[in-house]
Amino acid sequence: MTNVITDQGNWERRWHPLLSQWVVVAARTGNRPWNGATVGEESDAVVTSAHDKSCHLCAGNTRSNGEINPDYTGPWAFNNDYASFAPDAPSFENENNNNPLHRRDSNQGHCRVLCWTERHDQTLASISTDNMLAVGQLWQNEYNTLSQDPEISQVLIFENKGQEIGVSNPHPHGQIYATSFVGDSFERARKAQAEWARDNSSVMLLDLIAREEYQYSLKVSETDHFMAIVPYFARFAYECWIIPKAAAKHIGDMSDAQRDDLALLYQKMAKTYNVLFQRESPNISLMYNAPCDTHQDNQHWQFHFVMQPPLREPDKLKYLAGFESGTANIVNPVQPEAAAQRLREAFKSAETNT
Ligand SMILES: [Zn+2]
């Protein structure tokens, strides 16, 4: 079914008056080229060729908009051809937007695609150390550039990995949505961290990882600069957070040594999930950098990098079904302490096998 593209319906967000949050309408993304799985059909789970002539992200290939990819090696970033947000999205400033039931606003922003490597057959778990460090530099460069745009309030760097997540192209890549508004969960996290700072004169997530449980039962691993932990309040089975041990609001705040440490720990976690599930593990990874608007509460934010795989067992997906969809409260089928123990063991085995 092809979406009907209109000048304005393609580029707007609409206010949900019951939930007090924005719903992004981006019909254009429904028309992007699809090389992923479709309902009732298995796609090729194993990618074996280093270069795929039909892939829109492989080096030297022509994308669906006619542009030719450079002969890149290592990571490479470009503007998403099927963006949900764009700098030239229509403005509704002249529209009567005073109706509280039917409000809309502009989808202003930037959508970027980050290819991790020119190799079609690799993932962040399998690329070389030098390639992974270059990915860390790309994360930092992209954040620094996009957060400087005065129209941008939030830069979300993320990866949807695997056909189970609905990835449209198996080429290893992540994305960035840099938006003119701050997302709902970011708003909540900002408010919570600011209130904690005012009440306790400290950083909430640093106080969290200072708790004894994160030295033992909820710890996955630790490096010079970061802790990898399963939060006590994990919402998803095998969810893991990477948190800096010192205050850092965003990846732009980090030294080269911290950034490199983060990239390598993230790669080890990607390998850990493959060991845990004994397969190339699908995952959703979300880099929670502080919002970059002028709100004074941004100063209390602590960077955290969250991985939330959709699997609860190697062959079982966790669906957001009736209760979760109806309430937005998640049912976690695995006790976080048990998840941390399994992840800890898988982390050790991933280290000895590489
Ligand atoms: Zn490719």
Of residues in the range 338-354 being touching a helix residue (DSSP H, G or I) at 6+ places or on another chain (Cβ under 8 Å) and among the charged types (D, E, K, R), the one most open to solvent (accessible area, probe 1.4 Å): ARG342
Report the residue count in the range 285-332 for those that are in a helix (DSSP H, G or I), among the polar types (S, T, N, Q) and farther than 21 Å from PRO150 by Cα. 2
Confirm whether ALA89 is modelled with pLDDT under 95 and of a type in the set (A, V, I, L, M). yes
Before we move on, is LEU133 within 16 Å of the ligand (Cβ to nearest atom) and in contact with a helix residue (DSSP H, G or I) (Cβ under 6 Å, 6 or more places away or on another chain)? no
What number of residues within the range 295-321 satisfy the criterion of being exposed (fewer than 12 other Cβ atoms within 10 Å of the Cβ) and at pLDDT 85 or above? 1
Looking at ASP52, ASP88, which is the one that is more than 16 Å from the ligand (Cβ to nearest atom) and not aliphatic (A, V, I, L, M)? ASP88
Could you check how many residues of the range 257-287 are crowded, with 22+ Cβ neighbours inside 10 Å and aromatic (Phe, Trp, Tyr)? 2
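Listed here are the residues, each with its yes/no results for (1) surrounded by 20 or more Cβ atoms within 10 Å (Cβ to Cβ); (2) in contact (Cβ under 8 Å) with a residue 12 or more places away in the chain; (3) small (Gly, Ala, Ser).
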site: ILE68; (1), (2), (3): no, no, no
site: ASN80; (1), (2), (3): no, yes, no
site: SER84; (1), (2), (3): yes, yes, yes
site: GLN108; (1), (2), (3): yes, yes, no
site: VAL113; (1), (2), (3): yes, yes, no
site: ASN131; (1), (2), (3): yes, yes, no
The strands (runs of 3 or more DSSP E) lying entirely within the range 157-256 that contain at least 3 residues which are crowded, with 21+ Cβ neighbours inside 10 Å and more than 16 Å from the ligand (Cβ to nearest atom) are 173-179, 226-229, 240-244
Select from the range 41-66 the residues that are open to solvent by 20 Å² or more (accessible area, probe 1.4 Å), closer than 22 Å to GLN163 by Cα and either of a type in the set (Lys, Arg) or modelled with pLDDT under 90 (or both) and list them in ascending order. GLU41, GLU42, SER43, ASP44, ALA45, VAL46, VAL47, THR48, LYS53, SER64
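The values are calculated or read from the model by the stated rules, or taken from the named source; none is laboratory data. Note that this is a predicted model, so its numbers are computed, not measured. All Cβ positions, glycine included, derive from the backbone under ideal geometry; neighbour counts span all protein chains shown. Calculation scope for accessible area: heavy atoms of the full protein, side chains included, ligands and nucleic acids excluded. Shrake-Rupley method; radii C 1.70, N 1.55, O 1.52, S 1.80 Å.
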